[in-house]
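Each remark here refers to the structure printed beneath this line.
The values are calculated or read from the model by the stated rules, or taken from the named source; none is laboratory data. Model, not experiment: these values are computed from the prediction. Glycine also receives a Cβ, built like all others from the backbone with ideal geometry; neighbour counts cover every protein chain displayed. Accessible surface areas use protein heavy atoms only, side chains included; no ligands, DNA or RNA. Shrake-Rupley method; radii C 1.70, N 1.55, O 1.52, S 1.80 Å.
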Amino acid sequence: MYKYKQIAADRFVLSLDNHAEVVAALEAFCLEQGILAGSVDGLGAVSEATFRFLDPATKKYVDKTFQEQMEITNLTGNISQKDGKPYLHIHVTAGRRDYSCVGGHLLSARINGACELSVERFDGVTIGRRFDTETGLNLYDL
């Protein structure tokens, strides 16, 4: 699903396998490494991606899947914990063949080419999540 190298006590670089699902691979890595607080960034190429958008008026999510070759021009997010497991909050911008971009909260994406990530672990820190009724979001519980 991925290969990785630890480059410092709290830093890793990952190369996801071609055709791997990004969120599943990153969750598996965080579980393997015991990462429950941190950050992630990266780039790559995908053949399919599902983005999620929260409509603040209705507090309901709207998902949209794009099935086309796209370049991940930016992937950024944070890692916290909910119910004792890694909780990923990732946003992606993806470039299309016509040089337009789509993006949003990443629900899933299938690699088609490569995906390279950098993960920073926040050692000794616990960052949980709590549901906020006003926004309809799982916010940091600090």
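For this structure, a couple of remarks:
- Ordered from highest to lowest accessible area with the whole protein assembly present and a 1.4 Å probe, His105, His91 read as His91, His105.
- For the options Gln81, Gln67, Gln33, a Gaussian network treatment of the chain with springs between C-alpha atoms closer than 10 Å singles out Gln33 as fluctuating the most.
- Straight-line cross-link partners of Lys59 among the lysines, defined as a Cα under 29 Å from its Cα and at least 8 positions apart when in the same chain: Lys82, Lys85.
- The share of accessible area on the chain that comes from carbon and sulfur is 51 percent, using a 1.4 angstrom probe.
- Mean separation of Cα contacts under 8 Å, 6 or more apart, over the residue count of the stretch 29-142: relative contact order %: 33 percent
- Local net charge near Asn78, Cβ-Cβ under 11 Å (Lys/Arg +1, Asp/Glu -1): -1
- Whole-number D in µm²/s for the stretch 1-120 (Stokes-Einstein; Kirkwood sum over Cα pairs; 25 °C, 0.890 mPa s): 168 µm²/s
- Low-density loop cleavage sites - GluC sites (Glu not before Pro) in the stretch 1-75, where at most 16 other Cβ are within 10 Å (DSSP): Glu68
- Compared with the direct C-alpha span, the chain from Asn74 to Ser118 gains 14.6 nm at full extension, assuming 0.36 nm per residue.
- Extension gain (nm, one decimal) between Asp41 and Arg129, 0.36 nm per residue minus Cα-Cα: 29.6 nm
- What you get for the chain, charging only the Cβ of Lys and Arg (+1) and of Asp and Glu (-1), is a dipole of about 120 debye around the Cα centre.
- Of the GluC sites (Glu not before Pro) found in the stretch 87-136, the ones in coil according to DSSP and having at most 13 other Cβ atoms within 10 Å of their Cβ are Glu134.
- In summary, the aspartates and glutamates within cross-link reach of Lys3, defined as a Cα separation below 19 angstrom excluding same-chain residues under 8 places away, comprise Asp17, Glu21, Glu27, Glu32, Asp41, Glu116, Glu120.
- Projected onto planes of every orientation and averaged, the convex hull of the alpha-carbon atoms in the stretch 17-68 covers 5.1 nm².
- Within a Gaussian network of the chain (alpha carbon springs, distance under 10 Å), most fluctuating of Ala114, Ala57, Ala45: Ala57
- Accessible surface for the stretch 39-142, divided over its residues, is 58 Å² per residue with a 1.4 Å probe.
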